[in-house]
Every structure is written in structure tokens, then in C-alpha cells.
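Q: The structure is given below, and queries will be raised subsequently.
The values are calculated or read from the model by the stated rules, or taken from the named source; none is laboratory data. Bear in mind that the values here come from a model prediction, so they are computed numbers and not experimental data. Positions of Cβ are generated from backbone atoms using ideal geometry, with glycine treated the same way; all protein chains shown enter the neighbour counts.
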Amino acid sequence: MISEAIKQHNRGARSHTARIRHRLIHTGQHYEHKMSGVFFDELRLPEPDYHLGVGSGSQGKQTGLMLAKIEEVLESEKPDVVMIYGDTNSTAAGALAAAKLHIKTAHVESGLRSFNRLMPEEINRIVSDHISDFLFCPTDVAVENLRREGIVKNVFQTGDVMLDSVIAYSGKARKRIALLSKFGLTPKNYALATLHRAENTDSPEHLAAILEVFATLDCDVILPLHPRVREKLKYTRSLRSVANLLKNSKTLRVIEPVSYLDMLALESNARLILTDSGGVQKEAFFAGVPCLTLREETEWLETRAGSWNQVVGTASQRIRTVFQSEWQKNRVGTLERPDWKSFGGGQAAKCTIKTLLTALQ
């Protein structure tokens, strides 16, 4: 959405010098087509000007490779500002590379905190926020988080660009209703599950407990399998029985990762969502679908308003108990619709570019 906002700005620019010269770097942290390339295709994103091809690896190795390669690009391009997004290793590497070269950095989706420093994402957020020059927060809670850490200069509440995207593409997603028939599902009569966080996938015990719940729930469940989980099931001996359980489950449909539009379609038509993803928590909230977060905390406190999002942890019995209660309640359509205003109302990208240009003057 930021790319589109830049295009809109350039179309209205009064002179060539007022136009933004935008260069896109793809680190390759997400390298499978279904986890990366399909998003460029569906959302009509511009092709990356640089593809670093870093691929997978340990936290340190991956971040180190990114840091070195991003630095080369920045030394060649000499930008006025580097924009970083979210809380990935790419985010932290981009922030570090820019800071060491004394290039101004703008962090989009700044100020999120789960207050769990065992999460790699939390470390990436803190590092990026504390060395960035401009901080664009999606909500007031994020602004307050930064204030508590002593960060108050050049902090802006500009809204959430993810809401911009959901609003822009929900119409196209609704046209993909045939996707449900493909997997034998009916609207509002299935649960959608996702799992990818390191805190869950790196622990065979946590991973086994959560997947066993998915496979034995008394309703249809669809699970787009993240590559990280797929590799764990394939190569971890203690998980072989779980892999067989998934394969033989009569209610669980394990599928390949899906595209962005397909994911929006699956989310909006589900009765209930189970996830450890921050993004899916928000998309469930935006779609008005109750969500159970499979973690001990969430960085998106706003989604807990109105009982839309419940943090249930990773203990199998707790997950099962809360799920069964929520499934029987079938609260879809009975809850008060989420308030999008606290997330910027769909104008975050435009507000971010306008605010950044003003701040750079």
C-alpha cells in the first residue's frame, strides 16, 4: 500500500524534483513463491529493484547476510531515507545497515510490544524502534509503548497499512468463494488454523500439542501448512506420530500455503480462527471473526476489545476447552463490529507518506 501511495503522490507532484524515487529491496527472507512471489503477483506490487536471495538460516546468519547485502545497496543508491516494515529479521537488518551508514530510517508499524523478549520479533522491534529516525505507529497503544521507552521525537500515529490492504482487496477476496467448495467447506462452519512462530515450531512438545488439537477438533479445520512446520514434521523423529495423525484425520484438511486473496477468503468465511500470527489476528479482527491466539501474549491489544481475540496459550487442554466453548456459542454476527478508526480507517499509507515528506523538510 505504501508503493501505491508513492505512485499517487508522484502523479500529483508539481515538478520532477517533488517526485519520490522509490527503490524496493527484497531480502529473500521469504523465498518460496507461495510465501512471497504470489503476493507481488496478486497485489500488483512493483518488481523488486534488488533481490538479495538470502534464504533461510539461523537468526544470526540470516541477519548478518542481510546486513552486508543491504549495506552494499545503500552505498550504491545513497537514499535520503530507508523505510523498513514490521518486525522481521529483514526489518532489523535494514535498520542497522541504514544507521551505520548515517542514513535516516523510517519504521512502519513501529511501537508494537508483546513484552516477551524470547520472541525474535520482539528483539527486532525494539532494535529497529530505538535506532530509527521516524516512527510510524499503527495505533495509540503503539505510541504509548514508545513513550514508556523514552521515544517521543518524530513519533506519528498514522494507522495500520494492513487495514488499508484488507479494505482494498476484500472485494476480490469475496469472489473466491469457490475456494471453500474445493476443500469441502461451507461458510461459517469451519475453523481456520495457522502456525509458524518460532516459539511454537522450535519446541517439539508445543508443536505436537497444538497440531494434535487441530487434528482432533470435532469440526472441519483447514490448516495452510507453513514451510517451517512442514520441515519440522519431515525431519523431527519425535513428530512422526503427529505427522501420521494429521494425515489420517477425518476433519483436518492440511493444504499448501495460500495466496493473500485466498487467505482473506478463508478468514472472512470461517466461524473461528486459531493462530499464532500477529497479522492473522488483525485480519480476523478486521473481518469480524473471533480468534484464539496460540501464544501467552499478543502485541495487538486492540484486537482483544469486544472479545474478538482471546489469548489462550499453548496448552492443549486450554486450547480445546476455549475452542469448544466458542464454537458452540457461534458468535459470528452477534458481536459488535470492530472499530476500524483506531487503526487509521484505511488511510494509513497515504498518511504515512504525507507525514514523512513533511518531517523530512
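Q: Taking the stated definitions as given, is Ala93 over 20 Å from the mean Cα position of the chain (by Cα), in a helix (DSSP H, G or I), crowded, with 21+ Cβ neighbours inside 10 Å and at pLDDT 95 or above?
A: no
Q: Does Phe323 satisfy the criteria of being surrounded by 15 or more Cβ atoms within 10 Å (Cβ to Cβ), among the aromatic types (Phe, Trp, Tyr), without any contact (Cβ under 8 Å) to a residue 60 or more places away in the chain and assigned to a helix (DSSP H, G or I)?
A: Values: surrounded by 15 or more Cβ atoms within 10 Å (Cβ to Cβ): yes; among the aromatic types (Phe, Trp, Tyr): yes; without any contact (Cβ under 8 Å) to a residue 60 or more places away in the chain: no; assigned to a helix (DSSP H, G or I): yes.
No; evaluated as a whole, the condition is false for this residue.
Q: Something else about it: Of the residues Ala209, Ala168, which single one is more than 23 Å from Ile353 (Cβ to Cβ) and either in contact with a Leu (Cβ under 9 Å, 6 or more places away or on another chain) or assigned to a helix (DSSP H, G or I) (or both)?
A: Exactly one of Ala209, Ala168 is more than 23 Å from Ile353 (Cβ to Cβ) and either in contact with a Leu (Cβ under 9 Å, 6 or more places away or on another chain) or assigned to a helix (DSSP H, G or I) (or both), namely Ala209.
Q: If you don't mind, another one. Return the residues of region 30-44 that are touching a helix residue (DSSP H, G or I) at 6+ places or on another chain (Cβ under 6 Å) and at pLDDT 70 or above; say none if nothing qualifies.
A: If the condition is that a residue be touching a helix residue (DSSP H, G or I) at 6+ places or on another chain (Cβ under 6 Å) and at pLDDT 70 or above, then Glu42 is the only one that fits.
Q: Report yes if some residue within region 289-301 is assigned to a helix (DSSP H, G or I) and either in contact with a helix residue (DSSP H, G or I) (Cβ under 6 Å, 6 or more places away or on another chain) or surrounded by fewer than 21 Cβ atoms within 10 Å (Cβ to Cβ) (or both); otherwise report no.
A: Yes, region 289-301 contains at least one residue that is assigned to a helix (DSSP H, G or I) and either in contact with a helix residue (DSSP H, G or I) (Cβ under 6 Å, 6 or more places away or on another chain) or surrounded by fewer than 21 Cβ atoms within 10 Å (Cβ to Cβ) (or both).
Q: Listed residues Lys234, Lys247; which is modelled with pLDDT under 95, under 24 Å from Trp327 (Cα atoms) and surrounded by fewer than 18 Cβ atoms within 10 Å (Cβ to Cβ)?
A: None of the other options fit; the residue is Lys247.
Q: Here's another thing I want to ask about it. Please verify whether Lys188 is under 24 Å from Gly346 (Cβ atoms), surrounded by fewer than 17 Cβ atoms within 10 Å (Cβ to Cβ) and in contact (Cβ under 8 Å) with a residue 40 or more places away in the chain, treating the condition exactly as stated.
A: The answer is no for Lys188.
Q: Hey, another quick one. Please specify each residue of region 46-77 satisfying the condition of being in contact with a strand residue (DSSP E or B) (Cβ under 8 Å, 6 or more places away or on another chain) and without any contact (Cβ under 8 Å) to a residue 40 or more places away in the chain.
A: Within region 46-77, Pro48, Asp49, Tyr50, His51, Leu52, Leu74 meet the criteria.
Q: OK, next. Out of the residues in region 136-160 meeting the condition of being of a type outside the set (D, E, K, R) and assigned to a helix (DSSP H, G or I), tell me which one is surrounded by the most Cβ atoms within 10 Å (Cβ to Cβ).
A: Here is the first cut: in region 136-160, the ones of a type outside the set (D, E, K, R) are 136-139, 141-143, 145-146, 150-152, 154-159.
Narrowing further to those that are assigned to a helix (DSSP H, G or I): 141-143, 145-146.
On the way: Val141: 17, Ala142: 26, Val143: 18, Asn145: 21, Leu146: 20.
Here the answer is Ala142.
So that you can scan it fast, the table gives a plain yes or no per residue for (1) surrounded by fewer than 19 Cβ atoms within 10 Å (Cβ to Cβ); (2) of a type in the set (Ser, Thr, Tyr); (3) over 22 Å from Ser277 (Cβ atoms):
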{"residue": "Ser15", "(1), (2), (3)": "yes, yes, yes"}
{"residue": "Leu45", "(1), (2), (3)": "yes, no, no"}
{"residue": "Asp80", "(1), (2), (3)": "yes, no, yes"}
{"residue": "Met83", "(1), (2), (3)": "no, no, yes"}
{"residue": "Ala106", "(1), (2), (3)": "no, no, yes"}
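Q: Looking at Ser277, Ser316, which one is over 19 Å from the mean Cα position of the chain (by Cα), hydroxyl-bearing (Ser, Thr, Tyr) and assigned by TED's automatic domain parsing to the domain that holds Asp220?
A: Ser316 is the lone residue from the list that is over 19 Å from the mean Cα position of the chain (by Cα), hydroxyl-bearing (Ser, Thr, Tyr) and assigned by TED's automatic domain parsing to the domain that holds Asp220.
Q: Run down Thr303, Thr298, Thr355 and say which single residue is under 23 Å from His107 (Cβ atoms) and not assigned by TED's automatic domain parsing to the domain that holds Arg228.
A: Thr355
Q: At pLDDT below 95, in the same structural domain as Glu296 (by TED's automatic domain parsing) and on the phi < 0 side of the Ramachandran plot, is that true of Pro224?
A: Here the answer is no, as Pro224 does not meet what is asked.
Q: Going by the structure shown, is Asp218 closer than 26 Å to Ala287 by Cα, of a type outside the set (A, V, I, L, M, F, W, C), over 17 Å from the mean Cα position of the chain (by Cα) and surrounded by fewer than 19 Cβ atoms within 10 Å (Cβ to Cβ)?
A: When the stated conditions are applied, Asp218 passes them.
Q: Here's a follow-up. Determine whether Val166 is crowded, with 16+ Cβ neighbours inside 10 Å, at negative phi and within 17 Å of the chain's Cα centre (by Cα).
A: yes
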